[in-house]
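Working notes for the structure below.
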Amino acid sequence: MEARTKNALGEITISNEVIATLAGISAIESYGIVGMAAKRAVDGLTELLGWDNLTRGVRVSTKGNSVIIDLFIIVKYGVSINTVAKNVIERAKYSVENLTGMKVERVNITVHGVRV
């Protein structure tokens with residue numbers, strides 16, 4: 001489903017992939033993040049994604065004019081997971097709201113691993 005906004009000039013449609021890309025870039029640029037994770041259903045292994053596959057580590061749900069974002073991340077060893085998760089939430093929410101004008105209802109973080 002896509003996010004839609006109407007104004008006096010017409011309708012704006014933003015695909016979920018665009019929102020996922022914005023959230024993924026915000027997350028990967030945060031301190032303490034090694035990368036985004038994609039879970040393969042076949043064997044249950046977590047795969048570290050590069051810059052070209054950021055949207056595979058993000059799930060976006062839209063409800064009217066609000067967005068729910070799920071981020072699947074891998075954090076750096078030795079950092080506070082709680083602090084890193086809070087920073088990623090704030091950064092992703094800020095970026096998506098500023099660049100799209102959509103209201104981010106919630107950002108959920110799932111830590112799939114820790115890397116050295």
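Things to note:
- Candidates in segment 33-70 are the residues that are polar (S, T, N, Q) and at pLDDT 80 or above; of these, the one that is surrounded by the most Cβ atoms within 10 Å (Cβ to Cβ) is T62.
- Candidate set from segment 71-81 (those that are buried (at least 20 other Cβ atoms within 10 Å of the Cβ) and within 13 Å of the chain's Cα centre (by Cα)); member that is farthest from A3 (Cα to Cα): I73
- Residues in segment 82-110 that are of a type in the set (G, A, S) and in a helix (DSSP H, G or I) were compared, and the one that is nearest to R4 (Cα to Cα) is S95.
- The lone exception for G101 - which of (1) out of contact with any Gly (no Cβ under 9 Å at 6 or more places or on another chain); (2) of a type outside the set (V, I, T); (3) surrounded by 13 or more Cβ atoms within 10 Å (Cβ to Cβ); (4) modelled with pLDDT of 90 or more it fails: (4)
The values are calculated or read from the model by the stated rules, or taken from the named source; none is laboratory data. Bear in mind that the values here come from a model prediction, so they are computed numbers and not experimental data. Ideal geometry is used to build each Cβ from the backbone, glycine not excepted, and the neighbour counts take in all protein chains shown.
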